[in-house]
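Nothing in this text is a laboratory measurement; each read-out follows from the coordinates by a stated rule. Not measured: the values here are computed from a predicted model. Here the Cβ positions follow ideal geometry from the backbone for every residue, glycine too, while neighbour counts run over all protein chains shown.
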Amino acid sequence: MSLADLSEQDALAARRARYIEVQQSAEFQSLRSRLRRFVFPMTVFFLVWYGLYVVLGAFATDFMAAKVFGNVNVGLLLGLGQFITTFIITGIYVRFANRELDPRAEAIRASLEGEAA
């Protein structure tokens, strides 16, 4: 092993140690916690909503086939509601990330890049 290889290994070890240190920092934990407090409830909401749609389609066929107007039935409206819900959740997440997550992540990143300089 040459001296250059040893210093490269030391640098790699230092980066790994710094990564773990940042990952265990209060700022990073706060960022992860905030993300989880948003993502998990939203995921549960959507899975329940989707599960309800599937269950109604399988077991409440008369209800789903009920005409609302013209040839449009309840099942079709609920199916379209799935798409609409997806777009709404995406918009809510983007707004949340821009306001809550991105500034925190940028602060952590700036701190790391400031130390590297």
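Annotations for the structure displayed:
Per-residue answers, yes or no, for (1) farther than 24 Å from residue 45 by Cβ; (2) of a type outside the set (Phe, Trp, Tyr); (3) touching a strand residue (DSSP E or B) at 6+ places or on another chain (Cβ under 7 Å):
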| site | (1), (2), (3) |
| --- | --- |
| 58 | no, yes, no |
| 61 | yes, yes, no |
| 69 | yes, no, no |
| 80 | no, yes, no |
| 83 | no, no, no |
| 89 | no, yes, no |
| 95 | no, yes, no |
| 106 | yes, yes, no |
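- Of all residues making up segment 16-52, the number that are under 16 Å from residue 105 (Cβ atoms) and among the β-branched types (Val, Ile, Thr): 2
- Residue identified as over 14 Å from the mean Cα position of the chain (by Cα) and of a type in the set (A, V, I, L, M) among 77, 35, 101, 31: 77
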